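Comments concern the structure below.
The values are calculated or read from the model by the stated rules, or taken from the named source; none is laboratory data. Keep in mind that what you see is a predicted model, and the values were worked out from it rather than measured. Using ideal geometry, Cβ is built from the backbone for each residue, glycine included, and neighbour counts are taken over all protein chains shown. Keep in mind that these areas ignore ligands, DNA and RNA; they rest on the heavy atoms of the full protein, side chains included. Shrake-Rupley method; radii C 1.70, N 1.55, O 1.52, S 1.80 Å.
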Amino acid sequence: MNNIDQNKICSTLLNEVKAGSEILHCFHLDQSSPDWRNTQHAHDYWELLYFIKGSAHIEGDYGLSDIAANDLIIYPPEYCHREFVDLKKHQEAICLGLTLNNELSSSDALTIPDPDHLLEWLFIQLSLRFKQKHSDMVHPLKELLFSYINDCLRIKSDVQQPMSNKIINYMEHHYSEKIYQKDLAELVNVSSTYMYKVFKEQTGQIPMDYLNRLRVQKARDLSSHKEMTLEEIGSRVGCYDPKYFSKLFKKYTGKSFQLWKKEN
């Protein structure tokens, strides 16, 4: 399945979840669970299997794949598969069954990695609330889960332009404006939490820290204009509170604005 098809499937799944699709089951599996099926089988609903611990060798209609801890596999309806799991070793997974209001077909399973463990937390919370019949929490958790799955797949497939490149390019052109973290997340069409984590992975800095460093760098360039005041330079680089700008400048240069301007 190509990236376009994968993104289409996940986007449609997210829309269906928002529209109120039904969770049939959501339960924990471990090495002693009787629910593991090592025979070829298929379901008439979507099945999501998230591995918290352990691993499995998956034999499906269109080939073989290996699933390890913090991997999610999504089986579409009528997809024949078999899971080879070593039940002599510690295994822990969460299995979720989902029906859709509208028909959605896919010929192959999707495998999505979860390096940040956010899917793990969401699956665990959803299984707990589902087991306890806390219906008021199930739907928002379900929406959040599929929103993050959608984010994971989009970032996985976007190998041509890392998310950070697009955000940095935006900062370079809009640093003089008011920018909030949610604005940057909307720019790349992912959640704020996910954008924060991926940006930090790709740059080694958190988004707002990167923006503040950029603003101070631009302010240093402007400080050569001796006639410009701290307030004027601050507003030019998007810092409209003089006290905040003064603290920011000293934080990233180690010198007060007045001393920097005097020495340069």
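Report yes if Gln258 is loosely packed, with under 15 Cβ neighbours inside 10 Å and modelled with pLDDT of 90 or more, otherwise no. Steps first, answer last, please.
Working: loosely packed, with under 15 Cβ neighbours inside 10 Å: yes; modelled with pLDDT of 90 or more: no.
Taking the combined requirement at face value, the residue does not satisfy it.
Can you name the residue in the range 230-239 that is over 13 Å from Gln217 (Cα atoms) and not hydroxyl-bearing (Ser, Thr, Tyr) and, of all such residues, is surrounded by the fewest Cβ atoms within 10 Å (Cβ to Cβ)?
Filtering the range 230-239 down to residues over 13 Å from Gln217 (Cα atoms) leaves 230-232, 235.
Add one more test, that the residue is not hydroxyl-bearing (Ser, Thr, Tyr), and what stays is 230-232.
Numbers: Leu230: 19, Glu231: 14, Glu232: 12.
Out of the qualifying residues, it is Glu232.
How about the range 54-103: which of its residues are within 26 Å of Ser21 (Cα to Cα) and among the small types (Gly, Ala, Ser)?
Scanning the range 54-103 gives Gly60, Ala93, Gly97.
Of the residues Lys182, Lys178, Lys218, which is at pLDDT 85 or above, in contact with a Ser or Thr (Cβ under 6 Å, 6 or more places away or on another chain) and either open to solvent by 80 Å² or more (accessible area, probe 1.4 Å) or more than 17 Å from Tyr148 (Cα to Cα) (or both)?
Result: Lys182 is the single residue among Lys182, Lys178, Lys218 that is at pLDDT 85 or above, in contact with a Ser or Thr (Cβ under 6 Å, 6 or more places away or on another chain) and either open to solvent by 80 Å² or more (accessible area, probe 1.4 Å) or more than 17 Å from Tyr148 (Cα to Cα) (or both).
Taking into account only those residues within the range 124-144 that are among the polar types (S, T, N, Q) and within 22 Å of the chain's Cα centre (by Cα), which is most open to solvent (accessible area, probe 1.4 Å)? Spell out how you get there, then give the answer.
Applying the first criterion (among the polar types (S, T, N, Q)) to the range 124-144 yields 125, 127, 132, 135.
Keeping just the survivors that are within 22 Å of the chain's Cα centre (by Cα) gives 125, 127.
On the way: Gln125: 33, Ser127: 7 Å².
Among those residues, the one meeting the criterion is Gln125.
Let me confirm something: among Glu227, Glu201, Glu172, Glu263, which residue is at pLDDT below 90, acidic (Asp, Glu), closer than 20 Å to Tyr148 by Cα and open to solvent by 70 Å² or more (accessible area, probe 1.4 Å)? Reasoning before the result, please.
Numbers: Glu227 fails: closer than 20 Å to Tyr148 by Cα; Glu172 fails: closer than 20 Å to Tyr148 by Cα; Glu263 fails: closer than 20 Å to Tyr148 by Cα.
The unique qualifying residue is Glu201.
Which of the residues spanning the range 7-65 are open to solvent by less than 50 Å² (accessible area, probe 1.4 Å), at pLDDT below 85 and more than 21 Å from the chain's Cα centre (by Cα)?
Selection gives Gly20, Ser21, Gly54, Gly60, Gly63, Ser65.
Given the condition among the aliphatic types (A, V, I, L, M), farther than 30 Å from Asn212 by Cβ and either at pLDDT 80 or above or not in a loop (DSSP other than H, G, I, E, B) (or both), answer yes or no: does some residue in the range 154-163 qualify?
Quick first cut of the range 154-163, residues among the aliphatic types (A, V, I, L, M) only: 155, 159, 163.
Among the residues that remain, those that are also farther than 30 Å from Asn212 by Cβ are: none.
Scanning the range 154-163 turns up no residue that is among the aliphatic types (A, V, I, L, M), farther than 30 Å from Asn212 by Cβ and either at pLDDT 80 or above or not in a loop (DSSP other than H, G, I, E, B) (or both).
With the requirement that a residue be open to solvent by 30 Å² or more (accessible area, probe 1.4 Å), in a helix (DSSP H, G or I) and either in contact with a strand residue (DSSP E or B) (Cβ under 9 Å, 6 or more places away or on another chain) or under 26 Å from Asn169 (Cβ atoms) (or both), what does the range 240-252 give you? Outline the logic, then answer.
Filtering the range 240-252 for residues open to solvent by 30 Å² or more (accessible area, probe 1.4 Å) gives 240-244, 246-247, 250-252.
Checking which are in a helix (DSSP H, G or I) leaves us with 242-244, 246-247, 250-252.
Tyr244, Lys251, Tyr252, listed by residue number.
Kindly evaluate Tyr194 against the criterion of being in contact (Cβ under 8 Å) with a residue 60 or more places away in the chain, open to solvent by less than 60 Å² (accessible area, probe 1.4 Å) and under 20 Å from the mean Cα position of the chain (by Cα).
Details: in contact (Cβ under 8 Å) with a residue 60 or more places away in the chain: yes; open to solvent by less than 60 Å² (accessible area, probe 1.4 Å): yes; under 20 Å from the mean Cα position of the chain (by Cα): yes.
Here the answer is yes, as Tyr194 does meet what is asked.
If you check Ser235, Ser147, Ser223, Ser246, which single one turns out to be among the small types (Gly, Ala, Ser) and in contact (Cβ under 8 Å) with a residue 60 or more places away in the chain?
Values: Ser235 fails: in contact (Cβ under 8 Å) with a residue 60 or more places away in the chain; Ser223 fails: in contact (Cβ under 8 Å) with a residue 60 or more places away in the chain; Ser246 fails: in contact (Cβ under 8 Å) with a residue 60 or more places away in the chain.
It is Ser147.
Filter the range 39-73 down to the residues that are touching a residue at least 40 places away in the same chain (Cβ under 8 Å) and hydrophobic (A, V, I, L, M, F, W, C), then identify the one that is farthest from His28 (Cα to Cα).
Ile58
Whether any residue in the range 110-123 is out of contact with any Cys (no Cβ under 8 Å at 6 or more places or on another chain), open to solvent by less than 20 Å² (accessible area, probe 1.4 Å), more than 21 Å from Ser21 (Cβ to Cβ) and in contact (Cβ under 8 Å) with a residue 24 or more places away in the chain is what I want to check.
No, the conditions are met nowhere in the range 110-123.
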